[in-house]
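Here is the structure we will look at.
Bear in mind that the values in this text are calculations on the coordinates, not laboratory data. Not measured: the values here are computed from a predicted model. In this analysis, Cβ positions are derived from the backbone assuming ideal geometry, glycine residues included, and neighbour counts consider all displayed protein chains.
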Amino acid sequence: MKKIIYFIALLFLPDCLLAQTEEASVKKCIENYIDGTSYNKPDSIEKAFYPEANLFLSNKDKDLWIVPVSEYAKWFKTNNQGQFNGRIGRIVSVDLYNNIALAKAEIIIPEKKVEFIDLFLLKKIQGEWKIISKTASSLSSNKSGQRILFIVSNAHYYGKSTIATGNSFSEIVNAYDTFKTAGYTVDFVSPEGGSIPLAYINTSDTLQKQYLFDPDFMYALKNTKKPEDTDSKNYKAVYYVGGGAAMYDVPENKQIQTIALKVYEENKGIISSVCHGTAGIINLKTNDGKYLVAGKKISGYPDSFEKQDGEYFKYFPFLIQKTIEERGGTFKFSNGEVSHIETDGRIITGQNFQSSSGVALKIIELINSTKTSK
């Protein structure tokens, strides 16, 4: 009976929701592979693959080494089944068309300083997604497996107006590239998950242009995580991205507040923001019931820099600087479009997009200094 109801429900789902459901099923299949190879679970590996699938690999003796999945799964039949073996995997992208799909996964082994890229061809067979072939290649890598969580907004407009806004592309890209270069992995979370609006894109900027045409990066922005699918234990720091969209949805989102505070208090991690992204931290309260910003030096976009006679300004739900000062914080900024960063304990904040890379560097510096002091 349940199967019949499920089938009828699927018939009436919009195409976009059906596609999301299928993509989630593809990801689940790939996650079985990642879990199986990271925790020595041959059954999970076999569950992910079609029984007659082959892996097209390479070794020292030959450029093409064809391995049946039954043989591949045996490589993970050890005495340490269920124990983590040092392989850290994540899905990079999925490209779905009807009943076939292409997927890419990144597997890093920090101890060996190596990164694998796995490419999968999948097909839906008798109602289940299965990997029908896989190929892989590897390069030396500085990726550590440490993760940073970027917090972004789904707001397309200033409040209830029709004035378009978005997340600052430069503030995303400048910080993202800094973390990536240092070997960190970046994830994105938004209140609703999925795609986010982008603003202030400058294709004359070399770095912005590079990332705008990077399909894996843009896939991540199109498929941001939902808060309920985000595990705070995975992150060393959170980074609130600015842009006009940052004033809406994020500051009052309880789930995102909980994630940020768990990173800060339970992981002893870092809370950071840049420009209007600082709006996201004004409502954060620590376990003692006090506002996070109380008694702290904080930066962000100053109230006096806003176009207070502009139409968009009428829809601001609050003023960043004023609210921080009312809640016991000291708001610091510089005149002009120059980088300005404030570090107060494990809170790092920047004034504008020019500060975004510097905020990321400060986060990395603080993480490294914490490691050294242990």
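Per residue of the chain, what 222 nm ellipticity follows from adding -39500 (n - 2.57) for every DSSP H run with n ≥ 4, rounded to the nearest 500?
One gets -9000 deg cm²/dmol as the mean residue ellipticity at 222 nm.
Give 47/268; 27/180; 123/225; 41/254; 47/254 a once-over and call out the pairs whose C-alpha atoms are over 30 Å from each other.
Beyond 30 Å: 47/268; 41/254; 47/254.
List the relative contact order of the chain as a percent without decimals, with contacts defined as Cα pairs under 8 Å and 6+ residues apart.
Once divided by the residue count of the chain, the mean separation gives 11 percent.
In nanometres, what is the gap between the two model label sites at residue 297 and residue 268, each 7 Å from Cα along Cα-to-Cβ?
Result for the modelled spin labels: 2.4 nm.
Restricting attention to segment 18-112, which chymotrypsin sites (Phe, Trp or Tyr not before Pro) occupy a DSSP loop and are surrounded by at most 11 other Cβ atoms within 10 Å?
84
For segment 193-325, just say rounded, prolate or oblate: build the C-alpha gyration tensor, square-root its eigenvalues into a ≥ b ≥ c, call rounded for a/c under 1.5, and beyond that prolate if a/b exceeds b/c, oblate if not.
The shape class here is oblate.
Scan segment 74-109 for trypsin sites (Lys or Arg not before Pro) in coil per DSSP, keeping those whose Cβ has at most 15 other Cβ atoms within 10 Å, and list them by number.
Answer in residue order: 77.
Express in nm, to one decimal, how much length is gained between residue 28 and residue 139 on full extension, taking 0.36 nm for each residue of separation and deducting their alpha carbon distance.
37.3 nm
Taking the chain as the reference, fit the longest principal axis to its C-alpha atoms, fit the long axis of helix 169-181 to the helix C-alpha atoms, and give the angle between the two in degrees, 0 to 90, nearest 10.
Tilt of helix 169-181: around 60 degrees.
Once the piece of chain linking residue 113 and residue 61 is laid out straight, how much longer is it, given 0.36 nm per residue of separation minus the C-alpha distance between them?
16.5 nm
Under a point spin-label approximation (7 Å from Cα along Cα-to-Cβ), what is the residue 195-residue 226 distance to one decimal in nm?
With each label placed 7 Å out from Cα toward Cβ, I get 1.8 nm.
Name the shape class, rounded, prolate or oblate, that the alpha-carbon gyration tensor gives for segment 117-206, where a ≥ b ≥ c are the square roots of its eigenvalues, rounded holds for a/c under 1.5, and otherwise prolate holds if a/b is larger than b/c and oblate otherwise.
oblate
Round to the nearest 10 and give me the degree value, 0 to 90, for the angle of helix 254-265's Cα axis relative to the longest principal axis of the chain.
Taking the Cα atoms of the chain, the angle to 254-265 is about 90 degrees.
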